[in-house]
Protein chains: 2
Amino acid sequence: MSNQKITPRKQNYAQWYQDVIQSAGLAEHSPVRGCMVIRPEGYAIWEAIQRDLDLRIKRSGHMNAYFPMLIPQSFLAKEAQHVEGFAMECAVVTHSKLENGHDNQLEPGGPLEEPMVIRPTSETIVNHMFSQWVQSYRDLPILMNQWCNVMRWEMRTRLFLRTAEFLWQEGHTVHETRKEAESETLRMLDTYADFCEQMLAIPVIKGRKTNKEKFAGAVHTYSIEALLQDGKALQAGTSHFLGQNFSKGFDIQYLGRDQKLEYAWTTSWGVSTRLIGALIMMHSDDKGLVLPPAVAPQAIAIVPILNKKQDDTDIRTLIDQLLKRLLPEKAIKIASTDRDSIEKYIINENTNQQIVVDWRKYRPGDKRYHWEKRGVPLRIEIGPREVAARSCMVKRRCDNTQASMQIDDLTPDWLRDQLASIQKTMLDKASQFMQSNIRHANSYDELKHILKEHGGLVRCFFEPNDEIEKKIQEETKAAVRNIPFDQNTSIGRCIYTNMETSTEVLFALAY
Amino acid sequence: MSNQKITPRKQNYAQWYQDVIQSAGLAEHSPVRGCMVIRPEGYAIWEAIQRDLDLRIKRSGHMNAYFPMLIPQSFLAKEAQHVEGFAMECAVVTHSKLENGHDNQLEPGGPLEEPMVIRPTSETIVNHMFSQWVQSYRDLPILMNQWCNVMRWEMRTRLFLRTAEFLWQEGHTVHETRKEAESETLRMLDTYADFCEQMLAIPVIKGRKTNKEKFAGAVHTYSIEALLQDGKALQAGTSHFLGQNFSKGFDIQYLGRDQKLEYAWTTSWGVSTRLIGALIMMHSDDKGLVLPPAVAPQAIAIVPILNKKQDDTDIRTLIDQLLKRLLPEKAIKIASTDRDSIEKYIINENTNQQIVVDWRKYRPGDKRYHWEKRGVPLRIEIGPREVAARSCMVKRRCDNTQASMQIDDLTPDWLRDQLASIQKTMLDKASQFMQSNIRHANSYDELKHILKEHGGLVRCFFEPNDEIEKKIQEETKAAVRNIPFDQNTSIGRCIYTNMETSTEVLFALAY
Ligand SMILES: [Zn+2]
Ligand SMILES: [Zn+2]
């Protein structure tokens, strides 16, 4: 059993993040530059995210589809801002085979007539197809979503938060009117915000990106911004109102109610595996990962404290009784291999969430640590002392509290309430952290002071401007995260130009 | 409403297949050569396949993970047969950006030090990672699966059945002993066979591939073979015993119980979106798609027969009552847009299966045809006559039968039984078709006669041999599909060499 230590946050935050991921077995770097391997424990979190978000997307009327991962170079060029935004970080496919060259070494063969890129995002290919599907207003709206991998060549990568290849969902919709498209854009932003708060226990601030920070090809980009433990912000999801930019680039026209040809209005929106990075940074501690119950692949780890010399019949009997109390009637037991002594039971067929029992013959401390660093919300420990008292120790990972409970008091209702309570505790803690780390700046000097001394989100009057934002970023490394929706009605002075403005923005250092 | 005609099978089978797909809106060709767009109705079938198969894979102890889609060229070269099998059909990534070249035209820039291919399959990258994860026999077995896209450059493509990019799952496992790896290989073949029969209503024949037909890099490849309506076979899934070929190529060694270093034993297995092609060809008819209930995104389409001039209050009341009878208590209604008058209700939260009500103001015949060609297992039609009698017409898509039913006789149990009965009818029909299209050949002439005049599967004594199989394929276009597991114990004479052999094989033309 590996008992690699986790570097404390105060000592080295970046190393702590890397250690938490490694200790929990979530992901690792691969030999393909910038691409990660998502290990089973990490992928199970992605599956939990997908399962819930997919339902939200479907219930609001969208359907999933799949478009080619290769995009002809000429498609990318059809929307001017878009190609500018993505051309510099594309994986380019130029050949269709490998053949034996000189020295009998493999080399690319079968050059393509036109190079293709691996999708960095799919607006171009999707909107090309939409142009063939849309003839009349009767064909609208089109509400579509795609779960897939995308590729953006990144030089400075960090597991989950920034990788060359990542997994995501990208929604793409087409509408008859500007108003409909705008309300779709905001509806999906709300969906993301609700999802983050309810499932990931991550509170977010909704707002509009400045012109400088918007998506390449969008009219408006909206974002949800989270604040992580080290005081840096993270863009957790974006929703783009694309106006008629792509419908003009790809000729999506429809015959309107008035029998006139009109360009349609489109949107796109996405969240990615970087949410897992946000989740890790938001909740974990120096002992390792802490998972909110709503997306934890395992709800409970039951850890028998086995004494090698003693007979373990009694402990097994008690744990059997405990399982009978907690498991649904038709709980499915996952097949285990001969050597594997971790029993796994599915307690929820919708979510695949499990209860595990760790029968391995390791030292009790090692087994405890194993489940602690994996962030399982509840651990239940039962040793000889507990057997005698028909009790167990229940430990909550989120606040490291523990309590002795009678086995007979554990019921499915108790479990449901515990998980709900943990989820709430985690969201409350994260909300309080965010609230106490939003500071107001009345001048550029104050902004700089706060960024340097306190971090967090800095709210101030500021008139968005590409050039000025660039300068501020050079001087402070901070950018406007977004223009939050909850603007005050007052008027103030822009911290940079000192001109009157009613616009308040949030500045922060960010991932 | 598009009422494009479906070409009858007898007239042009290939065109019929294409028409069925187009009429049901399942998929279409994309501007990217060889790559398809899977439209929502088609993707929903893939989701149904994934959902069920994923549970089977997980319950047998495997976990999902994700590996990079790009594979360094040098990795591919590490297993000699493997690179030979895949090098000629790889998409090769050679550059990391697009930049402005002469004439201000985009061209590939940032050449990579080493070309990479988009995974045609992931044995190489996965086994490279395994070599880092495995040290001791205690680390084994590793039971892993990946859902992803893969790319094999194909020149002659057909929607679902053969496309350059396709979606699939690929299982990869590592074991301590040869025996364990072999039994894993067969266990997953059984899983695929059960899945095809129970979910897709496609009976299959399990067997071993000949040396000529096996996977590039495998010791043994096993397959399940289906027989489609036109008498051609289709390989619906494969499971490979890779022996120590990849563990030697990628240095997966473990310290055994005897403290000696050993090479591990590996397997891989996969099914792909081609299953959707099999499904379509297996069950559809000249009216279009026919879906087995187990994977039908919609279980029932309720079609009100609306009379434009008449008040429709009564029909709406009756359909409300019908829905109350059929829907579970907390049925989720999918949000519909202003102009969309198809109501959708989720009747099963696990599978997302729906009941839809088509309130569109189209002609009744058009609405009937709309759901018929989409293969929805049950249609319930209610017009003024039915309202008067509190009845409805229930139409089964699988055999085009219909019956008048009293609304009050429709219950969730009735629905469950109907769907089970339809599923069984479809599997029985497919099984009978297969049974009556397996013919025995006692000579090469008989083989040729059967292939030419009858098609189907031809069973005969044959001693597998690369050269001879190649010759037979040149002469007849047929190949050995597999050496079925249910061998007779008798001995016969090889139809080609006339030598004694106990091996019986199945020949067929195939997709
Ligand atoms: Zn201060
Ligand atoms: Zn004959």
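Some values worked out for this structure:
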item	result
Filter pass, residue A:259 being among the polar types (S, T, N, Q), out of contact with any Leu (no Cβ under 7 Å at 6 or more places or on another chain), modelled with pLDDT of 95 or more and closer than 16 Å to residue A:46 by Cα	no
Any chance residue B:301 is in contact with a Leu (Cβ under 8 Å, 6 or more places away or on another chain) and surrounded by 13 or more Cβ atoms within 10 Å (Cβ to Cβ)	yes
Failed item, numbered, when residue A:84 is tested on (1) within 11 Å of another protein chain (Cβ to nearest Cβ); (2) surrounded by 18 or more Cβ atoms within 10 Å (Cβ to Cβ); (3) modelled with pLDDT under 95	(2)
Only one of B:451, B:509 that is within 15 Å of ligand 2 (Cβ to nearest atom) and either more than 27 Å from residue B:377 (Cβ to Cβ) or buried (at least 20 other Cβ atoms within 10 Å of the Cβ) (or both)	B:451
Filter pass, residue A:70 being crowded, with 19+ Cβ neighbours inside 10 Å and within 7 Å of chain B (Cβ to nearest Cβ)	yes
Test: residue in the stretch B:477-492 that is away from ligand 2 (no atom under 16 Å from the Cβ), within 25 Å of residue B:284 (Cα to Cα), modelled with pLDDT of 95 or more and not small (Gly, Ala, Ser)	yes
Selection from the stretch B:134-144 of residues that are facing chain A (nearest Cβ under 9 Å) and touching a strand residue (DSSP E or B) at 6+ places or on another chain (Cβ under 7 Å)	B:137, B:140, B:141, B:143, B:144
Residue A:424 being away from ligand 1 (no atom under 16 Å from the Cβ) and more than 14 Å from chain B (Cβ to nearest Cβ)	yes
First in the stretch B:487-501 and without any contact (Cβ under 8 Å) to a residue 60 or more places away in the chain, second anywhere and exposed (fewer than 11 other Cβ atoms within 10 Å of the Cβ), Cβ under 6 Å, 6 or more apart	B:500/B:491
Residue within the stretch A:420-439 that is more than 26 Å from the chain's Cα centre (by Cα) and more than 17 Å from residue A:231 (Cα to Cα) present	no
Any chance residue A:445 is within 16 Å of ligand 1 (Cβ to nearest atom), surrounded by fewer than 12 Cβ atoms within 10 Å (Cβ to Cβ) and of a type in the set (D, E, K, R)	yes
Number of the condition not met by residue B:350 [criteria: (1) within 25 Å of residue B:46 (Cβ to Cβ); (2) of a type outside the set (Phe, Trp, Tyr); (3) surrounded by 15 or more Cβ atoms within 10 Å (Cβ to Cβ)]	(3)
Residue B:10, sole failed condition from (1) at positive phi; (2) more than 10 Å from every other protein chain (Cβ to nearest Cβ)	(1)
Checking residue B:90 against (1) at the interface with chain A (Cβ under 7 Å from one of its Cβ atoms); (2) touching a helix residue (DSSP H, G or I) at 6+ places or on another chain (Cβ under 6 Å), the condition it does not meet	(2)
Complete set of residues in the stretch B:139-187 that are surrounded by 20 or more Cβ atoms within 10 Å (Cβ to Cβ) and free of Cβ contacts under 8 Å to residues at least 24 places away in the same chain	none
Candidate set: the stretch A:98-118, residues that are out of contact with any strand residue (DSSP E or B) (no Cβ under 6 Å at 6 or more places or on another chain) and outside any strand (DSSP E or B); chosen: the one farthest from the other protein chains (Cβ to nearest Cβ)	A:102
In the stretch B:239-267, the residues that are surrounded by fewer than 24 Cβ atoms within 10 Å (Cβ to Cβ) and part of a strand (DSSP E or B)	B:253, B:254, B:255, B:261, B:262, B:263
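Listed here are the residues, each with its yes/no results for (1) surrounded by 18 or more Cβ atoms within 10 Å (Cβ to Cβ); (2) in contact with a Leu (Cβ under 7 Å, 6 or more places away or on another chain).
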{"site": "B:375", "(1), (2)": "yes, yes"}
{"site": "B:398", "(1), (2)": "yes, no"}
{"site": "B:406", "(1), (2)": "no, no"}
{"site": "B:410", "(1), (2)": "yes, yes"}
{"site": "B:418", "(1), (2)": "yes, yes"}
{"site": "B:430", "(1), (2)": "yes, no"}
{"site": "B:435", "(1), (2)": "no, no"}
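Residues are listed down the side, and each one gets a yes or a no for (1) more than 8 Å from chain B (Cβ to nearest Cβ); (2) part of a helix (DSSP H, G or I); (3) over 19 Å from residue A:282 (Cα atoms):
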site	(1), (2), (3)
A:18	yes, yes, no
A:22	yes, yes, no
A:56	yes, yes, yes
A:61	no, no, yes
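The values are calculated or read from the model by the stated rules, or taken from the named source; none is laboratory data. All of these numbers come straight from a predicted model, not from anything done at the bench. Don't worry about glycine lacking a Cβ; one is built from the backbone with ideal geometry, like all the others, and counts go over all protein chains shown.
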